[in-house]
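The values are calculated or read from the model by the stated rules, or taken from the named source; none is laboratory data. Keep in mind it's a predicted model, so treat the numbers as computed, not measured. Neighbour counts are summed over all protein chains in view; Cβ atoms, including those assigned to glycine, are modelled from backbone coordinates with ideal geometry.
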Amino acid sequence: MSHPGKILYPEAFKSKLILVHWEFENDLRSILEKSGHTGDFLGKYKQRLKLLDDMQKQCVLKNDWFENLRYANDIYCMKFNKSQKNIRILFAFVGNNCALLLSAFEEKDNKKMSQDSYRKHIPLAQKRLKEVIADD
């Protein structure tokens, strides 16, 4: 296993408080490269990362961009509702309010266990969080 890393894709973002799970950027790359909307997404992604970096857990005050998934044991969601893709990034806070980006997916529907639902991706994010915590 690896250790959490810095944000390198789709563009490096300097932060001491935001890290990524070693599989996260593969998730995001898979979504963006198939879509052809990497450029459109990048500006919105950087805005959200900056807000997350500045506000940590208080990021949820900007509820059109972030939410605490109450039913998911301290998993948070970064939302991109108005972009070409309905992308969701699941993350958690570890240690001294360090945000750890865990999983990215394109939400396409709300069917209970569809490939593109929260119910499928929350357990993946929780598994990745446990991998990081166990690795410490």
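For this structure, a couple of remarks:
- Set side by side, the residues L61, L90 differ, and just one is within 24 Å of L8 (Cα to Cα) and aliphatic (A, V, I, L, M), which is L90.
- F105 fulfils the conditions (1) at pLDDT 95 or above; (2) part of a strand (DSSP E or B); (3) of a type outside the set (V, I, T) except for a single criterion, (1).
- Counting only residues that are in contact with a strand residue (DSSP E or B) (Cβ under 7 Å, 6 or more places away or on another chain) and surrounded by fewer than 21 Cβ atoms within 10 Å (Cβ to Cβ), region 89-98 holds 3 of them.
- If the condition is being surrounded by 14 or more Cβ atoms within 10 Å (Cβ to Cβ) and among the hydroxyl-bearing types (S, T, Y), then region 52-87 contributes Y76, S83.
- Within region 66-76, being under 20 Å from K130 (Cα atoms), in a strand (DSSP E or B) and free of Cβ contacts under 8 Å to residues at least 40 places away in the same chain holds for N68, Y76.
- The set of residues in region 5-51 being touching a helix residue (DSSP H, G or I) at 6+ places or on another chain (Cβ under 7 Å), of a type in the set (V, I, T) and either assigned to a helix (DSSP H, G or I) or surrounded by fewer than 17 Cβ atoms within 10 Å (Cβ to Cβ) (or both) consists of T38 alone.
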